[in-house]
Amino acid sequence: HFLYTSGTGIFVLLVLGAKSFYEMCSRENVISPIVAQIVYVGMMIFFILTTIQQNIYASQELAMFSQTLKYDPYNVRIRNSLALALAYKGYFKEAEENFRKSLEYDPFNPRARISLGKALVDQQKYWQGLQEYEKALPLFQGKETDKLYSLLTENIRLARGLLIDYYKELMVNDPQNAQLFYSLGVIYSKIGKLSEAVEQYQESVRLNPQYREALFNLAVSYEQLGELEDAVRYYEQFLSIAAEADKLTEIVNDNLSRIHKN
């Protein structure tokens, strides 16, 4: 549409050229006037139908964006617009797919990252959505006053609340699932509710005494609460589980050394 005004001169030249060509053909009997008129009418019908088609695309947002992406599939702005339009209409799975494609081309786009998180949360994929939100946080380093950052932090708060309710609901039907209690403990840890986190980790360890990650998080939580005796006890229980040395083992040994030195 930016070419409408600037294209006026070109259209005038095309019309004058066609008029001159028609007059020349008439003088020299190259083609009959009837044939020329048929060609003219055919061209007009073509342009009319093309205009109607483009107006249909323009009046339907999803069709317009999809049609544009056929010719320019790497246009991040249009793909984000398509994904948002899909999300507004409730097509969250399709919106997720398009936001992921957009991030393949522009992985540091905060708006697309936040929108992907929202599309996942709207599909009740709360944990995955929260992970996408947290990936967006480093993109706002030094820009904490940005309105988009405020939206992100609010979305994180809401997603964590939804995730807590979701895990509690699952626990009603599966009270022996140690992983559910561990996952709920992780969420409580993230929002600074260490006492509630400890309760969930303890239940997770009670259900599965070999749950290394739950033992580790339980010990760390006790250490953060200043209850060092309990922290040492669970660190040592963690080390008593036969397993190959890994990063967690290294951290546990360092933490025990620091506690004993103090």
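The values are calculated or read from the model by the stated rules, or taken from the named source; none is laboratory data. All values reported here derive from a predicted model rather than from experimental measurement. Cβ: placed from backbone, ideal geometry, glycine included. Neighbour counts: every protein chain shown. With ligands, DNA and RNA removed, areas are computed over all heavy atoms of the protein, side chains included. Shrake-Rupley method; radii C 1.70, N 1.55, O 1.52, S 1.80 Å.
Would you please name the residue that is least open to solvent (accessible area, probe 1.4 Å), looking only at residues in the stretch 161-198 that are out of contact with any Leu (no Cβ under 9 Å at 6 or more places or on another chain) and of a type in the set (D, E)? The extreme case among them is D165. Would you check if there is a residue in the stretch 73-92 being over 30 Å from T153 (Cβ atoms) and surrounded by fewer than 16 Cβ atoms within 10 Å (Cβ to Cβ)? Yes, there is a match, as at least one residue in the stretch 73-92 is over 30 Å from T153 (Cβ atoms) and surrounded by fewer than 16 Cβ atoms within 10 Å (Cβ to Cβ). Scanning the stretch 113-145 for residues that are polar (S, T, N, Q) and either in contact with an Asp or Glu (Cβ under 6 Å, 6 or more places away or on another chain) or outside any helix (DSSP H, G or I) (or both) yields Q123, Q124, Q141, T145. The numbered conditions (1) open to solvent by less than 90 Å² (accessible area, probe 1.4 Å); (2) under 28 Å from V121 (Cα atoms); (3) not polar (S, T, N, Q) are all true for V12 except (2).
Of all residues in the stretch 1-45, those satisfying the criterion of being over 23 Å from N55 (Cα atoms) and of a type in the set (F, W, Y) are F21, Y22. Among the residues here, E104 qualifies as among the acidic types (D, E), surrounded by fewer than 17 Cβ atoms within 10 Å (Cβ to Cβ) and farther than 21 Å from A159 by Cβ. The residue that is farthest from the chain's Cα centre (by Cα), counting only those in the stretch 177-223 that are of a type in the set (D, E) and over 22 Å from D165 (Cβ atoms), is E223. Contact map, the stretch 147-158: first residue without any contact (Cβ under 8 Å) to a residue 40 or more places away in the chain, second residue among the aromatic types (F, W, Y) and surrounded by 13 or more Cβ atoms within 10 Å (Cβ to Cβ), Cβ cut-off under 8 Å, separation 6 or more or different chains; pairs are L148/F140; Y149/F140; I156/Y133. Considering the conditions (1) touching a Lys or Arg at 6+ places or on another chain (Cβ under 8 Å); (2) among the aliphatic types (A, V, I, L, M); (3) over 27 Å from I78 (Cβ atoms), L148 is excluded by exactly one of them, (3).
Restricted to helices (runs of 4 or more DSSP H) entirely inside the stretch 166-262, those with at least 2 residues that are of a type in the set (G, A, S) are 178-190, 194-207, 212-224, 228-240. Among the residues of the stretch 49-61, not a single one is exposed (fewer than 10 other Cβ atoms within 10 Å of the Cβ) and at positive phi.
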